[in-house]
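Take a look at the structure below.
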Amino acid sequence: MPPSPSAVPTTGILNRAAHEPVVRAGGDLLASAESLSEWVKTEARFPKPGDEYLGFHIERELGRGAFGRVYLARQGDLAGRAVALKVACDVGGESQTLAQMQHTNIVPVYSFHRDGPLQAVCMPYYGRTTLADVVGSLRDRASLPSSGRELRSTIAQCGDHTVPSAGSAPSGVDPGLTPGVLPTLPERPVLSADAHDGWARLEGLSFVEAVLCLAQQLADGLAHAHNRGILHRDLKPANVLLTDEGRPMLLDFNLAEDTKARDGAERAAVGGTLPYMAPEQMRAFRDKSGALDGRCDIYALGVVLFELLTGRHPFPSRRSLGRPPISALLADREQPPPAARAFNRSISPAVDAIVRKCLAPDAVDRYQRAEHLSEDIDRHLNNRPLRFAPNPSVRERVRKWARRNPRLASSGTVGALATVLLVSLGASFAYSWDRSRDDRARAVFADHRAEFADAQLFLDDRNQSRPRLDEADTKLRAVLARYDVPDDAEAWAASDKVGRLPDADRTRLRGDVGETFYLMAQVAYLRAMGSDNPPARSENLDRAAKWNEVAARFAGDRLPHAVREQRAAITDLRGNRAEAETLRADTGTAPPDSARDLYLLGAVLTQQGRHREALPHLRKSTHLDPKNFSAWFVRGTVHLALDHDADAVACFTACLALRDDFAPAWRNRGLALARSRAFKDARDDFTRAIALDPVPAEVYVQRAVIHEVEGNLEEAEADLSRALEAGGAPVHIRLLRASVRQRRNNLPGAQTDREEGLRLTPADEASWVARGTERLAGDAKGALADAEEALKINPFSMTALQLKAHILGERLNKPDDALAVLNRAVELHPDHVPTRAGRGVELARRGKRADALKDAHEALLRDTRPANLYQVGCIYALTAKSHPEDKKEALHLLWSALKTGFGLDMVDTDADLDPLRKDPEFTKMVAAARARLAAAKHD
């Protein structure tokens, strides 16, 4: 029997013991089931511990409630990482809501899945301790804690930090297929450079101050959501996860409302948890109408803050066996709120004022924005008067002033202070002439910061073609020219423009100059890396080494690890591998602790194609400095390179939260969404990028591809025509449009585009590759020449390298040359799995089994999706010709790919599978895969 609606308990994402019902307008707790019979059918579909469900192995249930259940699960296709999987009837809106937000105090979403009437949201598993556990523990204590250390001890007693070992659940790949090749992943995501940073800060505070720190972080998370039009509407202790690091994180946005979607005629259903509802939210719930704003979430946070500070709820429970007594609850909340100080004397008048302002019955009297609440908490913690709430105690204000000014607070300095004030007043006119010069220095510095940020953003949007590198170099030299910075001296520091800056700005400027030289060194390094001309390569390496040395002198402690890694890379490219490894070993002795250093270290590794090495540094950088746009952007490009599409979407969403006028962030998020087959969202992002970019031809082409995939050929052709009108690459675009027109049966138009595309001389990398691909069937040597021209423009071009290798190996029968190109491609892009697996196939064809299996092993470490499993299966099939023991591994890998449907269209003609062609097991496997696919289509 399913529970009756009135008995269904609430749940946050992870809470185990719920005390209050979640309600929607009308009191329907089973909002997704219109009848009891429907609920019974839906109930039977929920997974159980031990089940394999949507690619996840269900370990155990963590919580359940009105709208679904939450499980601890293992994600098979990502090496069995631990995740929290929320399965419910109506969480689709929640995943869309979470996708708009990226904040250190909001639990993010990894992915979204559907299963008939059920939907699942996959989120990182950070443990299962919520503030509901903390509040419950505080209620059970004889007295409240007196310090942050004691608060942590209290939390530790109620936490559950056990996570099953990775071996308790199968991964997405049969362990018999690739024994020992899957990497061990951390059980939980790392949220900061030091897992104890949050606790270290809280332990040094009083209990009240520690609670305020938690509340401030929650206010910051709410501010992030509100600024994106998202109202939580069900904030309560059970919906605040407390990580092992002591960080509170908002979760369970199931009842959230996206105010951007309001249309005046229809409002989102009002719901929430009654004891935490603001008066206006209760009225809206009772009347089934009414628009809410962020102040209802501030009220709920005030209730949570009251409970944490006092160990009790601010209002009577008013429990009832029937419908909740809304009128009585509302009457309680329409009165002036109680004083938290009455239940905990360690609460100061200012803290009491903060809580009371959150709980004001009239929303007009509350904090109007979550940022205001955060600022008042920050001011109180830093011994400053409140800005938005009243400062009721003169004595407390004096004490705060004394803590801020310990020397001036002593009695012996009061008279001296008065004298200094009088002298200052008398001399103010004499100083006025000098202030204009100070103001000019600050104005120049402000212009510098804007120009420097522009150069950083330009380099973030990484296109390593030679024209882009030239433009980057020009921008960086302009940054130095503003302050007349010489190449190898520091005399500039004594100039008026620098010397008159405040100390903090002067320090920042010095770091900016060092970083500018660092970036110039990186541009020179990339030029050298992409050059096959020895003199030019040597000249660029000399220049890179020089700028790196100057960067080290200027940047000092700001970029020590990034500068050293860059120096190691330059040394490595010179051929001094041993010296480079020594430099890298020295770099690793002390982990980076600066967000900027971590970001630039990750960026230099990314530019070397070492994406997997770069990712941990970029993750730490974004956690230490969530407002670092550059770190989020580069981290997003790394996720794109590694095919982590959901993570890429999250990173570019964070970029847009910080700066929504940066077209490349919209474009890149669109690419990630398109690869995730979220085509409508991808189209929307491309449209935003087009509106922002003055030359949007490339994005028109990308949007056209989406239209073509969806079968909207008319719009695809229209976008390609717009791309031509916007000055896009005519060869590339005409050849694309020829293909679209061919599919639309516009044969004359297709023929005209094709002829014109082949007649014109390409001027960009994409056009040379497009023309080479078009010429491949009938003119292999001409196609090879086109690939070579593309590489002259962009020596890093993966598509050009792949095309060249294919032509040499498959069309011109030059396997040694093809292998050399693949070696170069792997050197430049070591984490690009198709290239590494492709090289493994080429090595296996030539009988180089050991090297081929090494590539197979590395490819499987990086990707266990069907396409890669098929490719690596081909490697083992080829080596099985000389080593029959490899046949078993080949069959296992091929089965893992074919059973998903991948490869069935080419398995009969793929020459790389010829060594298995007559094997009975292979024949049966292919037949079974086809039968499986046919049955799936029939169902």
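The values are calculated or read from the model by the stated rules, or taken from the named source; none is laboratory data. Nothing here was measured: the structure is a model prediction, and the numbers come from that model. So basically every Cβ, Gly included, is an ideal-geometry build from the backbone, and we count neighbours across all protein chains shown.
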**OP:** Would you check if there is a residue in segment 757-769 being surrounded by fewer than 24 Cβ atoms within 10 Å (Cβ to Cβ) and aromatic (F, W, Y)?
**Re:** no
Original post:
Among all residue pairs at least 6 apart or on different chains, which show Cβ distances below 8 Å where the first residue, located in segment 610-621, is crowded, with 24+ Cβ neighbours inside 10 Å and the second is among the basic types (K, R)?
Top reply: L618/R635; S621/R596; S621/R635
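Which helices (runs of 4 or more DSSP H) does segment 538-608 wholly contain that include 3 or more residues that are over 21 Å from K627 (Cα atoms), β-branched (V, I, T) and at pLDDT 80 or above? Before you say what the answer is, go through the steps one by one.
Values: elements: 560-573, 577-587, 595-607.
Where helices (runs of 4 or more DSSP H) fall fully within segment 538-608 and carry at least 3 residues being over 21 Å from K627 (Cα atoms), β-branched (V, I, T) and at pLDDT 80 or above, they are 560-573.
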Original post:
What number of residues in segment 282-315 are among the basic types (K, R) and in contact (Cβ under 8 Å) with a residue 60 or more places away in the chain?
Top reply: 3
Original post:
For the subset of segment 225-236 comprising residues that are of a type outside the set (K, R) and crowded, with 23+ Cβ neighbours inside 10 Å, which member is nearest to the chain's Cα centre (by Cα)?
Top reply: A225
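Would you kindly identify the helices (runs of 4 or more DSSP H) lying entirely within segment 69-167 that contain at least 3 residues that are at pLDDT below 75 and farther than 27 Å from P866 by Cβ?
On the way: elements: 92-99, 131-140, 148-158.
Where helices (runs of 4 or more DSSP H) fall fully within segment 69-167 and carry at least 3 residues being at pLDDT below 75 and farther than 27 Å from P866 by Cβ, they are 92-99, 148-158.
Of the residues S721, S676, which is at pLDDT 90 or above and among the hydroxyl-bearing types (S, T, Y)?
Values: S676 fails: at pLDDT 90 or above.
Selected residue: S721, the only one of S721, S676 that is at pLDDT 90 or above and among the hydroxyl-bearing types (S, T, Y).
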Subject >> Considering residues of segment 843-865 that are modelled with pLDDT under 90 and assigned to a loop (DSSP other than H, G, I, E, B) only, the residue surrounded by the most Cβ atoms within 10 Å (Cβ to Cβ) >> reply: T864
Subject >> Test set (1) modelled with pLDDT of 90 or more; (2) under 25 Å from the mean Cα position of the chain (by Cα) - G302 fails condition number >> reply: (2)
